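**Q** Pasting in a structure now, in structure tokens, and then I'll have a few things to ask.
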Amino acid sequence: MGKDRPKPASRRRLKACSEERLVSQDSTRPPQAQDLDKRIQELQTAQAEMEAQNRDLRQAKEETEALSKKYIDLYDFSPVAYFTFDRRGSIVDVNHTGASLLGAEKRDLLQSRFKVFIASEYRRAFRDHLAIVARTGSRQKCELKLMKNDGWPFQALMESVYVKLGREAQGCVRSAITDVTDRKMTLAALEKAYLESEERYHSLVQTAGRAREAVFVLQNTPEREAVHIFANREWARISGRSVEELQSVSFLDLIGADCRNDVSADVRLWLQGKHTPSLREITVMHRDGSSVAVEMTGAPTMFRDRPAAVCYVVDLTQHKRMEKETKDRAARLEALYGVSQALSKTLEVKSLASTALDSALGVLGMEGGSVWRLDASKEYLELLTASHMLEQLADATMNHIRLSCDQTIIADAAREGLVKTRTGFDPAIRAVHPFIAELGGCFSIACPLRASGAIVGVISFYSQHKGQLTRADLEILDSLASMVGVAIVNATTFDIADRARREWKQTFDSMSEGLSIVDVEHNISMANRAMAEMFDSTPEQMVGRKCCEVVHGLKAPISNCPFADCVKTKEPREVEMQEPRSGNRWLRIHLDPVLNAQGDVVAVVQAMQDITERKTIEKLKDDFIGMVSHELRTPLTVVLGALHTLLSDSSRIPESDAEQLMQDAFWEAHSLADIVNNLLELSRIQAHGIKLDGSSLRMDDVVRGMVDRFNDLHRSHRITVTIPDGLPEVKADRLRVELVLHNLMNNAVKYSPEGSYIRISVAQERDSLVVSVKDSGAGISPEGKKRLFEPFQRLEAPGQTKVEGVGLGLVVCRRLVEAHGGRIWVESEVGKGSTFKFTLPTAK
């Protein structure tokens, strides 16, 4: 056939002649060439749609690349390979996908020459491509043949733009490189199908009038009309009769009923010497009763001086079969294109696998199947989706297949990298469900899924009605497997990157510190919830605003802002400042620069922590140290001075003076003991909590015992006690309750004038006893009440001398009362004294 192929000019003339003959006949059959042109146009339209879809995908990838400065991990694991080249073609930057595309490590690619990965015949095209992009500054495309690090070749599409990077605006070319090997294979398959169809068509037309053309002559006889008077062997073969038998057969008896009237009219006109349109597709009845589609033409002639009709017939059986195959292949290619469109609509792995399987079942005419993904260890196949022809088989599906020992065709296809078929159910399924043997035969096929030459999974199909796949089915299956493999790898990569992004975002938002990312223009590009809550805002409201506006309420940075210094030095900076806008809270701000590949600062990570509490504690600590050192030094000085005087000059000191010195030393030592006791108790509370000795107590015994001991020490005040009979006992720690009473009574003595009354009472209120200590002092203002129970607070009444103490007595009282499950408070009015009350639960 190859040797007899006509020259282009001859083919054009032959095609034009055939089309003229087709047009001249009023036939319902469209010309074959037009069918092919229409199909080619449809395929080209589909290809244009695919290219438009590719442009949309590239635009989405460019947007992802623009966000890569914020999401470095997402950029590195993008499904698209991104490269940045300088004018010499050296690799300035590349993401992990680009490094994986070339089969190399990212660190090994940086500053290396990209030409080492380009086939020699394409290197000049690459240089010209870079030069055009740099000169015009417009987006350019270029197809290259690249070589992986291990020498494996593949076709790539490079789409580049010109960009300027760094402060010095150095020009670079940024390119997105896509592996288009599978698409090239698909286009090659389309082109091959078209050429094969065209060659068959021309071969069929070329053989017209030669050995495969049936020729016969018809003539009317007195007995019958349109009787054969001549026929060649081809017509005998088509009709199923010998040449001799045809001599007595009328042609009109061989015509199918569907076209008998029209053909009979044409034959009668030919036999009358009249011309009619001469090309018609008809049906001829074979001797065995089958019908044969033929193409017939005829013309009037003379035979033995009598009118006759010469007819030419071409058997269209093979042509019809090829036409059907072409239509089926076009339908499959159209379905394959539909699959590619469906796969492009999702990046969720299992949804993608389910879409691919449903589409493939429709294309191949199978009843059930499954899609498996090879796990990271390369030892197991993980089931992504399954669609079985029998519901009974659903529970027989294993979620994982171990490649090293499993004997199913799915495991065989993954191990060997070949398409595997089997008649009958897999032994593993038959072992689980013995009833399957009663269902009859089952045709199974498993095809490995590939991406960039590596096996990434398996797709399998099952059918009870189909016994094998045609060559066209296998070609479609191969293209489908390539598309699904690449789609699964892309979806898996996207899933990993998206999961990492979500985990990073969740971690970012869950940080207790206020975090934000600020660009070099002081604009906030991202903020977490803690940061927003510090300034009564939301992360969404903060994005796009100036940092100084959010933090300080100003349009420009403050003078001592470390941001500019951090950008300039490219070193971390930290500062503590008090911010009036946030209620004079103290903030510790840590700035850390983010550098690009060229070492330039592109953003600053700002960590902000509220240290107001720490500052308050530090101030309290300083106040405590100053106060305690003073309050401890004063009684110690008196004690030491008195003792020193008594020891050194005891013989010359009058007895009355010596007794006074001893009395002063005793009282100052007693004050010192009170301070130390309160400090020790507060230290125990804060360090280890309070362990109470909960025993039953009678509050009248506790109160009267404390009053007796207090009267021995303090005779300057008169103490009265009011306790009714029949009060229930309380369950409390006696020593701690006595300490509370001691502090309250000591506090009343300090703030009451000498000779005044201190009244102590106990009363019952529901399930508690209320203990009250009332003094005759100057009272407490409302402002003083707010800070009365805070550490180191010593209130001073107007006209009263400075009160000794460190301000811990009431703090210890509050902690001890609350530890018993009670509460403590004060009732006071300026000029009318104060009453401190606390409750203790009664014993049950």
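**Q** What distance in nm separates the two pseudo spin-label positions at Arg545 and Ala265, each 7 Å out from Cα along the beta-carbon direction?
**A** Modelled inter-label distance: 8.7 nm.
**Q** How large, in percent, is the carbon and sulfur part of the accessible surface of the stretch 501-588 at a probe radius of 1.4 Å? Present the calculation step by step, with values, prior to reporting the outcome.
**A** Details: 2440 of 5060 Å².
The computed percentage sits at 48.
**Q** Sticking with this one: Can you give the FRET efficiency for Ala60 and Arg287, using 1/(1 + (r/R0)^6), R0 = 45 Å, r = Cβ-Cβ distance, to the nearest 0.05?
**A** Working: r = 65 Å, r/R0 = 1.44.
In this case the efficiency is close to 0.10.
**Q** Let me check something: with ligands and nucleic acids excluded, how do Leu109, Leu554 order by accessible area (1.4 Å probe), largest to smallest?
**A** Values: Leu109 5, Leu554 75 Å².
Order by accessible area, largest first: Leu554, Leu109.
**Q** For Lys378 and Glu348 in one chain, what is 0.36 nm times their gap in residues minus the Cα-Cα distance, to one decimal in nm?
**A** Working: separation 30, 0.36 × 30 = 10.80 nm, distance 2.13 nm.
Result for the pair: 8.7 nm of gain on full extension.
**Q** Now for a separate question. So what are the ³J(HN,Hα) numbers for the stretch 371-381, from phi and the Karplus equation (6.51, -1.76, 1.60; θ = phi - 60°), rounded to whole Hz, Gly and Pro as x?
**A** Taking θ as phi minus 60°, the curve returns 10, 10, 10, 6, 6, 5, 7, 6, 10, 10, 9 Hz for the stretch 371-381.
**Q** Please list, ordered by chain and number, the residues whose modelled amide H lies under 5 Å from the amide H of Asn95; skip anything fewer than 5 residues away on the same chain.
**A** Tyr82
**Q** Another one. With every protein chain left in place, what is the accessible area of Glu574 in Å² (1.4 Å probe, nearest 10)?
**A** Near enough 110 Å² of accessible area.
**Q** Convert each backbone phi in the stretch 326-334 into a coupling constant with the Karplus relation 6.51 cos²θ - 1.76 cosθ + 1.60 (shift: θ = phi - 60°), then list the ³J(HN,Hα) values in order as whole Hz, x for Gly and Pro.
**A** Listing the rounded values in order: 5, 5, 5, 5, 4, 5, 5, 5, 5 Hz.
**Q** Taking R0 as 41 Å, what's the FRET efficiency between Asp86 and Gln44 from their Cβ-Cβ distance, rounded to 0.05?
**A** Working: r = 38 Å, r/R0 = 0.94.
FRET efficiency, Asp86 to Gln44: 0.60.
**Q** Next up: Just read off the accessible area of Trp504 with the full protein assembly in place, 1.4 Å probe, to the nearest 10 Å².
**A** 90
**Q** For Arg174, Arg499, write out the residues from largest to smallest accessible area, computed with a 1.4 angstrom probe and no ligands counted.
**A** Details: Arg174 65, Arg499 95 Å².
Of Arg174, Arg499, the descending order of accessible area is Arg499, Arg174.
**Q** Hey, another quick one. Separation between the Met577 and Arg402 pseudo-spin-labels, each 7 Å from Cα along Cα→Cβ, expressed in nm?
**A** 6.4
**Q** On each of the three principal axes of the Cα atoms of the stretch 84-156, give max minus min coordinate, whole Å, ordered largest first.
**A** In descending order, the Cα extents are 34, 24, 17 Å.
**Q** Tell me, in nm to one decimal, what length is gained between Ser537 and Glu729 on full extension, where the rule is 0.36 nm per residue of separation less the Cα-Cα distance? Mind showing how you got there, number by number?
**A** Details: separation 192, 0.36 × 192 = 69.12 nm, distance 5.36 nm.
Fully extending the segment from Ser537 to Glu729 adds 63.8 nm.
**Q** Okay, moving on. Collect residues whose amide H, placed 1.01 Å from N in the peptide plane, falls under 5 Å from the amide H of Val830; neighbours closer than 5 in sequence don't count.
**A** Answer set, sorted by chain and number: Ile780.
**Q** While we're here: Round to the nearest 0.05 the FRET efficiency obtained for Ser559 and Glu613 when R0 = 30 Å and r is the Cβ-Cβ distance. Could you put the intermediate results ahead of the total?
**A** Numbers: r = 27 Å, r/R0 = 0.90.
Efficiency, from the Cβ-Cβ distance: 0.65.
**Q** Can you work out the Karplus-derived ³J(HN,Hα) for every residue in the stretch 129-137? Use 6.51 cos²θ - 1.76 cosθ + 1.60 with θ = phi - 60°, whole Hz, and x for glycine or proline.
**A** Whole-Hz 3J(HN,Hα) from phi for the stretch 129-137: 4, 4, 5, 5, 4, 5, 6, 8, x.
**Q** Per-residue accessible area for His96 at 1.4 Å probe radius, Å² rounded to 10?
**A** So the heavy atoms of His96 present about 70 Å² to solvent.
**Q** If you don't mind, another one. If amide hydrogens are placed 1.01 Å from N in the peptide plane, which non-local residues have theirs closer than 5 Å to the one on Thr385?
**A** Placed amide hydrogens put Val371 under 5 Å from Thr385.
**Q** Also, I was wondering about something else. So how do Asp536, Asp473, Asp328, Asp266 rank on accessible area, 1.4 Å probe, biggest first, that is with the largest at the start? It would help to have the intermediate numbers written out before the result.
**A** On the way: Asp536 145, Asp473 0, Asp328 65, Asp266 25 Å².
Largest accessible area first, the residues go Asp536, Asp328, Asp266, Asp473.
The values are calculated or read from the model by the stated rules, or taken from the named source; none is laboratory data. Here the structure is a predicted model, which means the values were calculated and not measured. Positions of Cβ are generated from backbone atoms using ideal geometry, with glycine treated the same way; all protein chains shown enter the neighbour counts. Side chains are part of the model used for accessible areas, which takes the heavy atoms of the whole protein and leaves out ligands, DNA and RNA. Shrake-Rupley method; radii C 1.70, N 1.55, O 1.52, S 1.80 Å.
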